[in-house]
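Values quoted throughout were computed directly from the atomic coordinates according to the rules given, and no laboratory measurement underlies them. Since the model is a prediction, treat every value here as computed from it, not as a measurement. Don't worry about glycine lacking a Cβ; one is built from the backbone with ideal geometry, like all the others, and counts go over all protein chains shown.
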Amino acid sequence: MAASKVANSDTFKVTTPSARVIHMTRLFDAPRELVFEAMNRPEHVRRWWGNLGDGYSVPVCEVDFRVGGAWRMVNQTADGHMAPFRGVYREIDPPGRVVYIEIFEPFPDAESLVTALLTEEGGKTRLTLTAEYPSEAVRDMVLKTGMETGAALSYDHLETVAAGLKAAPRAPSPR
Amino acid sequence: MGSQQTTADRLSATFAALADPTRRAILARLAASECSVTELAQPFAMSMPAVSKHLRVLERAGLIARGRDAQRRPCRLKAAPLKAVAEWTERFRAIWEPRLDRLEIYLQELKAKEAKHGRKQGSK
């Protein structure tokens, strides 16, 4: 099956409301409580978070899911490359809101503050992720990392970028 | 040395230049073909000095180049700074799009399991 189409895939949007903030949103066809569980409990997290394709795995998935608790997750690619992330939970308010620090370990100074919101929307659940970087220098480190990982890039996305700049931080256009 | 800062400054200038609907419209127009200031001003119902001001901001941000032709000074899109901004966004898209697709698939597996065995989530 070529390029399988995953449900609600077209609801995924990335925007850049400002130079230090990345905003992402997506709908899921599941109740909010279930999405919250799947996103936060380690036995669930390792099943999706790092499974980006054949050969990917999550050799480390440690989650102390409480305010002030630490988490660490490592993503291993098919060619053995390790991508280790860690952080600390700042706010936990089930089933709607989790705020945490995220650090990509090769760049320990590049920490971001991530807010994950779950809201009910027409029988589905909308995830809204906002990642905020403390400075533009840090943001650029992330940018450089992105280039190193060789993320496939196309000018098609320029439109998205421009649209994101004018889009209000909230209220992504509902589908 | 200092190149980090330079990159940051350049990106800030790009973001600032893009944070205006008229300037984005000008860039969209230039993406199709290069054109003169007069041609650019037409669809915007805007005075030439106002358009020139926007063009100066875009030029400072390195988003456009002006031709040498003294009469026409045609404007041309320079995509390199946009590429840096796109990369910033693209990194997240590249990682999170497949990741969240995978989450959706997993959620459907969980739902199917629950339907089979009755709800027993919420246990630690």
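Under the definition of partner shielding as Cβ atoms of other protein chains within 10 Å of a residue Cβ, what is the mean value for peptide A:22-31?
If you average over the peptide's residues, the count of other-chain Cβ atoms is 5.
What's the magnitude of the charge dipole for the stretch A:1-73 around its Cα centre, counting Lys and Arg as +1 and Asp and Glu as -1 at the beta-carbon? Answer in Debye, nearest 20.
220
Checking the table A:Lys124/B:Lys116; A:Lys13/B:Lys53; A:Lys124/B:Lys83; A:Lys5/B:Lys78 against a 27 Å threshold on Cα-Cα, which pairs fail?
A:Lys13/B:Lys53; A:Lys124/B:Lys83; A:Lys5/B:Lys78
For the stretch A:122-128, just list the computed ³J(HN,Hα) in residue order, Karplus coefficients 6.51, -1.76 and 1.60, θ = phi - 60°, integers in Hz, with x standing in for Gly and Pro.
Taking θ as phi minus 60°, the curve returns x, x, 10, 10, 9, 9, 10 Hz for the stretch A:122-128.
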